[in-house]
Amino acid sequence: MRYALYFTPPKDDPLNALASRWLGRDAFTGVAFPPSSQDDISGEEHYAVTADPRRYGFHATLKAPFGLAASVNENDLMDVAGDFASRMAPFTIPELVLAQLGPFFALVPASLCQELQDFSASVVKAFEPFRAALSDADIARRKPEELSKAHHANLLRWGYPYVMDEFRFHMTLSGPVVPERQPAIERVLRETFADHIGRPLSISGLAVFVEETRGAPFIVRSWLPLGGAQS
């Protein structure tokens, strides 16, 4: 069993509904959606391109998946998560844009949002006592020899390379796309998410996701509103 602290919009939010249909699975309900064929993409390619992010569900990583430390249990985690969320004020990313991150596509902030950076760092620190130490196999899976010095230090200190100053908020929409297909996939994504690109995104909740067994789909255990936000 592994847990993760993610941002995702509320269950009934239009962005969550749209992204879940695009990825092929709703992490709140477990409902699967068939791939769709469009002018630029076949159903088969759509299914293949979304395979990697489908397992995780639509989200942005705040505290990466971790096993629980021996001294705590799920109830402890949920109690602290509820208290933490209640003390955090909701805020807004001014503009969401579609970006290509290497061979992947994701929704990201148009510019650095310090409130978001601070929120992410707070999540990482607050839930660190719940994280079991990484095994040698866990560390090896991250290919530490290929990480920058800062990323390697974060991996050893926080269990994940891309935290604190190295954190970059992104809501992944694809797995790796081969170069010759990237323009077509980008066109499809821009059309699909047109109502959300260039718009603000409310950060109004914190979600606890769970992976029942290694490799299983992640599901939302609980979506917790921040401060006075409503789910």
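The values are calculated or read from the model by the stated rules, or taken from the named source; none is laboratory data. No experiment lies behind these values; they were computed from the predicted model shown. Quick reminder, even Gly has a Cβ in these numbers, built from the backbone with ideal geometry, and neighbours come from all protein chains shown.
Those residues that are more than 21 Å from residue 214 (Cα to Cα) and buried (at least 22 other Cβ atoms within 10 Å of the Cβ), I need them from region 17-27; list them, please.
Those that are more than 21 Å from residue 214 (Cα to Cα) and buried (at least 22 other Cβ atoms within 10 Å of the Cβ): 19, 20, 22.
Restricting to strands (runs of 3 or more DSSP E) lying wholly in region 137-231: which have 2 or more residues that are within 30 Å of residue 37 (Cβ to Cβ) and within 16 Å of the chain's Cα centre (by Cα)?
Counting at least 2 such residues, we get 219-225.
Against the definition (surrounded by 15 or more Cβ atoms within 10 Å (Cβ to Cβ), part of a loop (DSSP other than H, G, I, E, B) and at pLDDT 95 or above), how does residue 108 come out, yes or no?
So residue 108 does not fit the description; no.
So which of 84, 58 ends up being surrounded by 15 or more Cβ atoms within 10 Å (Cβ to Cβ), within 19 Å of the chain's Cα centre (by Cα), part of a helix (DSSP H, G or I) and not polar (S, T, N, Q)?
Being surrounded by 15 or more Cβ atoms within 10 Å (Cβ to Cβ), within 19 Å of the chain's Cα centre (by Cα), part of a helix (DSSP H, G or I) and not polar (S, T, N, Q) holds for just one of 84, 58, which is 84.
If I ask for residues that are over 9 Å from the mean Cα position of the chain (by Cα) and either small (Gly, Ala, Ser) or in a helix (DSSP H, G or I) (or both), which ones from region 61-81 would you list?
Across region 61-81, the qualifying residues are 67, 69, 70, 71, 74, 75, 76, 77, 78, 79, 80, 81.
Check residue 26 against each of (1) of a type in the set (D, E, K, R); (2) farther than 20 Å from residue 13 by Cα; (3) touching a Ser or Thr at 6+ places or on another chain (Cβ under 8 Å) and name the one condition it does not meet.
The number of the failed condition is (2).
Specify which of the listed residues (191, 180, 166) is closer than 25 Å to residue 2 by Cα and either surrounded by fewer than 20 Cβ atoms within 10 Å (Cβ to Cβ) or in contact with a Lys or Arg (Cβ under 7 Å, 6 or more places away or on another chain) (or both).
Step by step, each of 191, 180, 166 is checked, and only 166 is closer than 25 Å to residue 2 by Cα and either surrounded by fewer than 20 Cβ atoms within 10 Å (Cβ to Cβ) or in contact with a Lys or Arg (Cβ under 7 Å, 6 or more places away or on another chain) (or both).
Give the residues of region 160-209 that are of a type outside the set (D, E, K, R) and without any contact (Cβ under 8 Å) to a residue 12 or more places away in the chain, sorted by residue number.
Selection gives 183, 194.
Quickly run through region 111-136 and pick out the residues that are outside any helix (DSSP H, G or I) and in contact with an Asp or Glu (Cβ under 8 Å, 6 or more places away or on another chain).
The one that is outside any helix (DSSP H, G or I) and in contact with an Asp or Glu (Cβ under 8 Å, 6 or more places away or on another chain): 111.
Only one of these is more than 15 Å from the chain's Cα centre (by Cα) and modelled with pLDDT of 95 or more: 43, 24. Name it.
Being more than 15 Å from the chain's Cα centre (by Cα) and modelled with pLDDT of 95 or more holds for just one of 43, 24, which is 24.
Kindly indicate whether residue 106 is farther than 24 Å from residue 176 by Cβ and hydrophobic (A, V, I, L, M, F, W, C).
no
Is there a residue in region 1-10 that is among the small types (Gly, Ala, Ser) and either at pLDDT 95 or above or in contact with a His (Cβ under 6 Å, 6 or more places away or on another chain) (or both)?
Yes, because at least one residue in region 1-10 is among the small types (Gly, Ala, Ser) and either at pLDDT 95 or above or in contact with a His (Cβ under 6 Å, 6 or more places away or on another chain) (or both).
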